[in-house]
């Protein structure tokens, strides 16, 4: 059960996939969670939990972002999971490239700026969503790779700028996580094999694996951690 004294976590992109894993981890840890999705279909996929409510939100809209933050009496945690990738070479087209950056990078910054005052009031924390492509490039998704590289530097920059306000800013960098987006790879043994062989733990991650890392970075156990990018990758970056 939730109460008015429970901390509030706002999780963009929190209705499915990695965002849903984060939302569930926070709800089970005692947070009230507001999980957002772009479409009604995404909202309908919101995990069922007494502490999770949902709303539609387009993180590229100044007005929608301002409205959802204004509707929160307090914000103790902001988790930026809203994101997109465009496949099939589309991100080599400038408009598609621009849209990917607008959602993944500028959308994260828009949310951080909108929530800053309420996070400062609660001495709260932010967790952004980086990627393996924060650390290396992609021959197939230049917009996604560039945006996630930007998220890494944004995280460090806001951590340095906002520490004086009592706001910690960190990021998780998921590796290969089993979600609806990656299901075609998970179910294709030939395509999954090289991923597993590169991953020392020899398995696909689960959304809850990332949720646990998010919960840690928001917790008092991480009270002296800010500006870090935490890989949640089963060791993928270690080899």
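Miscellaneous remarks
- When 97, 92 are sorted by how many other C-beta atoms sit within 10 angstrom of their C-beta, beginning with the fewest, the order is 92, 97.
- Distance between the pseudo-spin-label points of residue 6 and residue 228 (7 Å out from Cα toward the beta carbon): 2.7 nm.
- Fully extending the segment from residue 160 to residue 186 would add 5.5 nm, taking 0.36 nm per residue of separation and subtracting the current Cα-Cα distance.
- One entry in (i) 45; (ii) 40; (iii) 33 is percent of Cα pairs over 26 Å apart calculated from the shown coordinates; its label is (iii).
- Rounded tilt (10° steps) of 207-218 against the dominant C-alpha axis of the chain: 40 degrees
- Fraction of alpha-carbon pairs over 21 Å apart in region 101-239 - percent: 45 percent
- Full-stretch length increase - residue 138, residue 106 - with 0.36 nm per residue and alpha-carbon distance subtracted: 9.5 nm
- What the Kirkwood sum gives for region 26-103 is a hydrodynamic radius of 14.3 Å, with every pair of different alpha carbons counted.
- Taking 169, 214 and counting other C-beta atoms within 10 Å, the order from fewest to most: 169, 214
- Reported to the nearest whole Å, the Cα centre-to-centre distance from region 100-125 to region 42-64 is 16.
- Gain in span if fully extended, residue 72 to residue 53, counting 0.36 nm per residue against the direct Cα distance: 5.6 nm
Any read-out appearing in this document is the output of simple, stated calculations on the displayed coordinates, not a laboratory observation. Model, not experiment: these values are computed from the prediction. Note that each Cβ is placed from the backbone with ideal geometry, even for glycine, and that neighbours are counted across all protein chains shown.
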